[in-house]
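S.K.: Attaching a single structure in structure tokens format; questions to follow.
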There are 2 protein chains.
Amino acid sequence: MIPSTERQGKIIQKLKRKGFRLTPQRFAVVKILANNEEHLSAQEIYERVKKDIPFTSFATIYRTVALLRDMGEVMELGFADEGNRYDGARPYPHPHLVCIQCKKILDPKVPSLEELPRKLAKKTGFQILNHRLDFFGLCPECQKNPSRER
Amino acid sequence: MIPSTERQGKIIQKLKRKGFRLTPQRFAVVKILANNEEHLSAQEIYERVKKDIPFTSFATIYRTVALLRDMGEVMELGFADEGNRYDGARPYPHPHLVCIQCKKILDPKVPSLEELPRKLAKKTGFQILNHRLDFFGLCPECQKNPSRER
DNA sequence: TTTGCTGCAAACCTTTTGCATGCTT
DNA sequence: AAGCATGCAAAAGGTTTGCAGCAAA
């Protein structure tokens, strides 16, 4: 578990420094994303925020994660077939292991791509800003329970 | 350029062998996807098919690429922010270089991941079925023309 | 008081689906 | 004749946006 207050504090300071208001809704979203190793969907964030602040709307969730994403403090993982997932603990490129059945997402410890982006930039002339490395498959639980849903 | 008739013939034979009909619409979609190194959107496939068969509908495009995808003959690349892209020339995992401005997608020649999927499966217990490695950035042209749209 | 933020609902966009019609074999 | 495939239009699903009201500095 990454120390809660560290990421949370960093994000909140950055928000304030940039002149954004720290509303209760934003605070709730930051709290959830900063202290969580999971890769949450907008729906999950919405449900958790509503426990604190029952009047929260979906629009605010989306606006807040977009703000945090634009600040570089949350990584948005888009998937075509389901919704986006958000990672506030490690907002930088890293490999993911995605279960196609229960939809859980893990961060496997594999050697990073290291210099590949830089080499590729040199070879192709692209200015490389980001990358994604995702492995898709069935987690051990879903191999045993072929019907389990998320 | 990959030899046209080879992929095209293989796909058509497979369709027939599996008992699917080779309608003019399907033939047009196969022709476009099999003989094309680009990564086309559904919209682009639709437009090109309509040149041959003006009455074609979007539904048929989607049903056809889904059929080819399920047969393993077309790779569907889903993106969250824009539509899917389809690759009929290389329907197996390989890295992509994606320009975030003009949306072109290239296949860079980089060392493949080799044994990483297998190692990861062994370490995590996941049954790994697929993977994606995408690099995002600005292509040389878009670096010069920051406003160019696709 | 001013400006930013929120909630609600409608809009968006791509993809999927229901259904009646039409084409193949 | 039987069944698959198509076209059309509507539905679906997640995300974004317009707008009026509210709240924080």
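The values are calculated or read from the model by the stated rules, or taken from the named source; none is laboratory data. Small disclaimer: the values here were computed from a predicted structure and weren't measured. Note that each Cβ is placed from the backbone with ideal geometry, even for glycine, and that neighbours are counted across all protein chains shown.
S.K.: Mind checking whether some residue in segment A:37-44 is in a loop (DSSP other than H, G, I, E, B), in contact with a strand residue (DSSP E or B) (Cβ under 9 Å, 6 or more places away or on another chain) and modelled with pLDDT under 95?
M.R.: yes
S.K.: Looking at (1) farther than 27 Å from A:ASN84 by Cα; (2) outside any loop (DSSP other than H, G, I, E, B), which is the one condition that is false for B:TYR86?
M.R.: Failed condition: (1).
S.K.: A follow-up question, please. Between a first residue in segment A:59-72 that is more than 14 Å from chain B (Cβ to nearest Cβ) and on the phi > 0 side of the Ramachandran plot and a second residue that is more than 11 Å from DNA strand C (Cβ to nearest atom) and part of a loop (DSSP other than H, G, I, E, B), which pairs have beta carbons less than 7 Å apart while being 6 or more apart in sequence or on different chains?
M.R.: A:GLY72/A:PRO91
S.K.: Which residue, of A:LEU33, A:LEU68, is in a helix (DSSP H, G or I) and away from DNA strand D (no atom under 13 Å from the Cβ)?
M.R.: Sole residue among the options that is in a helix (DSSP H, G or I) and away from DNA strand D (no atom under 13 Å from the Cβ): A:LEU33.
S.K.: Mind checking which residues of segment B:13-30 are over 17 Å from the mean Cα position of the chain (by Cα), among the hydrophobic types (A, V, I, L, M, F, W, C) and in a helix (DSSP H, G or I)?
M.R.: Hit for segment B:13-30 is B:LEU15, nothing else.
S.K.: Then there is this: Of everything in segment B:1-12, what is without any contact (Cβ under 8 Å) to a residue 40 or more places away in the chain and assigned to a helix (DSSP H, G or I)? Give them in sequence order.
M.R.: The answer is B:SER4, B:THR5, B:GLU6, B:GLN8, B:GLY9, B:ILE12.
S.K.: Testing A:ASN130 on (1) more than 11 Å from DNA strand D (Cβ to nearest atom); (2) at pLDDT 95 or above; (3) part of a strand (DSSP E or B); (4) not aromatic (Phe, Trp, Tyr), one condition comes back false. Which one is that?
M.R.: Of everything listed in (1) more than 11 Å from DNA strand D (Cβ to nearest atom); (2) at pLDDT 95 or above; (3) part of a strand (DSSP E or B); (4) not aromatic (Phe, Trp, Tyr), A:ASN130 misses just condition (2).
S.K.: Return the only residue of A:LYS144, A:LYS109, A:LYS122, A:LYS51 being closer than 26 Å to B:LYS109 by Cβ, exposed (fewer than 13 other Cβ atoms within 10 Å of the Cβ), without any contact (Cβ under 8 Å) to a residue 24 or more places away in the chain and not β-branched (Val, Ile, Thr).
M.R.: Unique residue meeting the criteria: A:LYS122.
S.K.: Something else: Within segment A:20-41, which residues are surrounded by fewer than 17 Cβ atoms within 10 Å (Cβ to Cβ) and under 21 Å from A:ALA59 (Cα atoms)?
M.R.: Within segment A:20-41, A:PHE20, A:ARG21, A:LEU22, A:THR23, A:PRO24 qualify.
S.K.: Go through B:LYS109, B:LYS123 for me and flag whichever is more than 16 Å from DNA strand D (Cβ to nearest atom), within 11 Å of chain A (Cβ to nearest Cβ) and over 29 Å from A:ARG85 (Cβ atoms).
M.R.: B:LYS109
S.K.: Which of the residues that make up segment B:100-119 are at pLDDT below 95 and among the hydrophobic types (A, V, I, L, M, F, W, C)?
M.R.: B:ILE100, B:CYS102, B:VAL110, B:LEU113, B:LEU116
S.K.: Here is a further query. Which one of these is in contact with a strand residue (DSSP E or B) (Cβ under 6 Å, 6 or more places away or on another chain), within 8 Å of chain A (Cβ to nearest Cβ) and without any contact (Cβ under 8 Å) to a residue 24 or more places away in the chain: B:LEU116, B:LEU133, B:LEU129, B:LEU138?
M.R.: B:LEU129
S.K.: Whether any residue in segment B:74-96 is within 16 Å of DNA strand D (Cβ to nearest atom), away from every other protein chain (no Cβ under 12 Å), surrounded by 14 or more Cβ atoms within 10 Å (Cβ to Cβ) and of a type in the set (A, V, I, L, M) is what I want to check.
M.R.: yes
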